[in-house]
Amino acid sequence: MHPAQPGGLGPSADKAVLDLFSPDRLNPYLTACSGDLHAALALYRWNSEISAAFFESLGYLEVMLRNALDARLVARHAHRGSGDDWFTDLAVPLSVEARDDITKAQGRAARGSKGSPVPRGKVIAELGFGFWRFLLARQYKTTLWPDLAGAFPLAPKRALYVVEDPVKRLHAFRNRIAHHEGIWHLPLAKRWDDIQALLGFIGPAAADWVTDSSRIDDVLARRP
């Protein structure tokens, strides 16, 4: 029999909570905890806490990453003497999927505008993490990357793979969190390293600011 933890409600409440979760959701936690329901629910709660802590820092990274990449694309466009925004110029070598993302982002940004001009920043904000992740794909190595590399002045040799690989990992990681999937069994310290490394490539001040406000280390240390 398990004593109630501080603030807990005890075994009977654990069973009541179990009845409100699907077996598929809790079974991995029960397996990891050798069938101990109290421990499994504690792990489930901790998973939610660490997911929230990561989502906060990932949100900062996403905003800084997209603004850094947008700035480089704006500079690229201006250097070529183009008057339109880079995301509306069909001369910019973007994939069909990227164009589709832009069209959808423009539609979302225009909602409620009642015909008024939509600020470009609103369109940029509507482009999801996946859009920016795929701008760093190897298909753009000889087209966009030579300009986008400037967004990561401290990346070793400004090599594409040095930036793309952690962004790929974090994109998949972020999607797991966004869909409320378990992350407790993943190499979380390495994902935190990825976030800090990418921010460091963009600028030390960015990495320091996010690290200073992050709850990740504290929550990791409290893993049940």
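The values are calculated or read from the model by the stated rules, or taken from the named source; none is laboratory data. Note that the coordinates shown come from a computational prediction; the quantities given were computed from them, not determined experimentally. Here the Cβ is made from the backbone with ideal geometry for all residues, glycine too, and neighbour counts use every protein chain on show. These accessible areas exclude ligands, DNA and RNA; they are computed on the full protein's heavy atoms, side chains included. Shrake-Rupley method; radii C 1.70, N 1.55, O 1.52, S 1.80 Å.
Could you tell me whether region 103-117 includes any residue that is among the aliphatic types (A, V, I, L, M), open to solvent by less than 10 Å² (accessible area, probe 1.4 Å), modelled with pLDDT of 95 or more and out of contact with any Phe, Trp or Tyr (no Cβ under 6 Å at 6 or more places or on another chain)?
Start the filter on region 103-117 by keeping residues that are among the aliphatic types (A, V, I, L, M), which leaves 105, 109-110.
After this cut, where a residue has to be open to solvent by less than 10 Å² (accessible area, probe 1.4 Å) as well, the list is 105, 109.
Subset that is modelled with pLDDT of 95 or more: 105.
Then keep just the ones that are out of contact with any Phe, Trp or Tyr (no Cβ under 6 Å at 6 or more places or on another chain); that gives 105.
Checked region 103-117: at least one residue is among the aliphatic types (A, V, I, L, M), open to solvent by less than 10 Å² (accessible area, probe 1.4 Å), modelled with pLDDT of 95 or more and out of contact with any Phe, Trp or Tyr (no Cβ under 6 Å at 6 or more places or on another chain).
Hey, could you check region 46-62 for residues that are of a type in the set (Asp, Glu) and within 16 Å of residue 208 (Cα to Cα) and say which is least open to solvent (accessible area, probe 1.4 Å)? Lay out the reasoning, then the answer.
Let us first name the residues in region 46-62 that are of a type in the set (Asp, Glu), namely 49, 56, 62.
With within 16 Å of residue 208 (Cα to Cα) added as a condition, the list becomes 56, 62.
Working: 56: 65, 62: 24 Å².
Top of the filtered list is 62.
How about region 174-196: which of its residues are open to solvent by 40 Å² or more (accessible area, probe 1.4 Å) and either touching a strand residue (DSSP E or B) at 6+ places or on another chain (Cβ under 8 Å) or aliphatic (A, V, I, L, M) (or both)? So that I can check it myself, show each step before the final result.
Let us first name the residues in region 174-196 that are open to solvent by 40 Å² or more (accessible area, probe 1.4 Å), namely 174-176, 178-181, 185-187, 189-190, 193, 196.
Scanning region 174-196 gives 178, 186, 189.
Just to verify a result, which residue in region 124-134, among those that are assigned to a helix (DSSP H, G or I) and more than 14 Å from residue 74 (Cα to Cα), is most open to solvent (accessible area, probe 1.4 Å)? So that I can check it myself, show each step before the final result.
So in region 124-134, the residues assigned to a helix (DSSP H, G or I) come out as 124-126, 129-134.
Narrowing further to those that are more than 14 Å from residue 74 (Cα to Cα): 125-126, 129-134.
Numbers: 125: 49, 126: 60, 129: 7, 130: 19, 131: 9, 132: 2, 133: 27, 134: 108 Å².
Step by step, filter region 124-134, then rank; the result is 134.
Which of the residues spanning region 144-156 are within 22 Å of residue 127 (Cα to Cα) and not in a helix (DSSP H, G or I)? Lay out the reasoning, then the answer.
Filtering region 144-156 down to residues within 22 Å of residue 127 (Cα to Cα) leaves 144-152.
Across region 144-156, the qualifying residues are 144, 152.
Looking only at residues that are surrounded by 13 or more Cβ atoms within 10 Å (Cβ to Cβ), of a type outside the set (A, V, I, L, M) and at pLDDT 95 or above in region 77-98, which one is nearest to residue 140 (Cα to Cα)?
95
Which condition does residue 72 not pass, out of (1) open to solvent by 40 Å² or more (accessible area, probe 1.4 Å); (2) farther than 30 Å from residue 220 by Cα; (3) without any contact (Cβ under 8 Å) to a residue 60 or more places away in the chain, if it passes all the others?
Checking residue 72 against (1) open to solvent by 40 Å² or more (accessible area, probe 1.4 Å); (2) farther than 30 Å from residue 220 by Cα; (3) without any contact (Cβ under 8 Å) to a residue 60 or more places away in the chain, the one that fails is (3).
For region 56-86, how many residues meet the condition of being under 20 Å from the mean Cα position of the chain (by Cα) and aromatic (Phe, Trp, Tyr)? Before the answer, list the steps.
Looking only at region 56-86, we keep the residues that are under 20 Å from the mean Cα position of the chain (by Cα), and these are 56-71.
Still in the list and also aromatic (Phe, Trp, Tyr): 60.
Qualifying residue count, region 56-86: 1.
Could you please find all residues in region 156-210 being over 16 Å from the mean Cα position of the chain (by Cα) and among the charged types (D, E, K, R)?
Of everything in region 156-210, those that are over 16 Å from the mean Cα position of the chain (by Cα) and among the charged types (D, E, K, R) turn out to be 157, 158, 208.
Just give me the residues in region 206-224 being within 27 Å of residue 158 (Cβ to Cβ) and either modelled with pLDDT under 95 or surrounded by 12 or more Cβ atoms within 10 Å (Cβ to Cβ) (or both), in sequence order. Step through it out loud before you land on a result.
Going through region 206-224, the residues within 27 Å of residue 158 (Cβ to Cβ) turn out to be 206-212, 214.
Within region 206-224, 206, 207, 208, 209, 210, 211, 214 qualify.
Scan region 156-173 for residues that are over 24 Å from residue 221 (Cα atoms), hydrophobic (A, V, I, L, M, F, W, C) and surrounded by 19 or more Cβ atoms within 10 Å (Cβ to Cβ) and jot them down.
160, 163, 167, listed by residue number.
Checking residue 40 against (1) over 27 Å from residue 173 (Cβ atoms); (2) open to solvent by less than 60 Å² (accessible area, probe 1.4 Å), which single condition isn't satisfied?
That leaves (1) as the condition not met.
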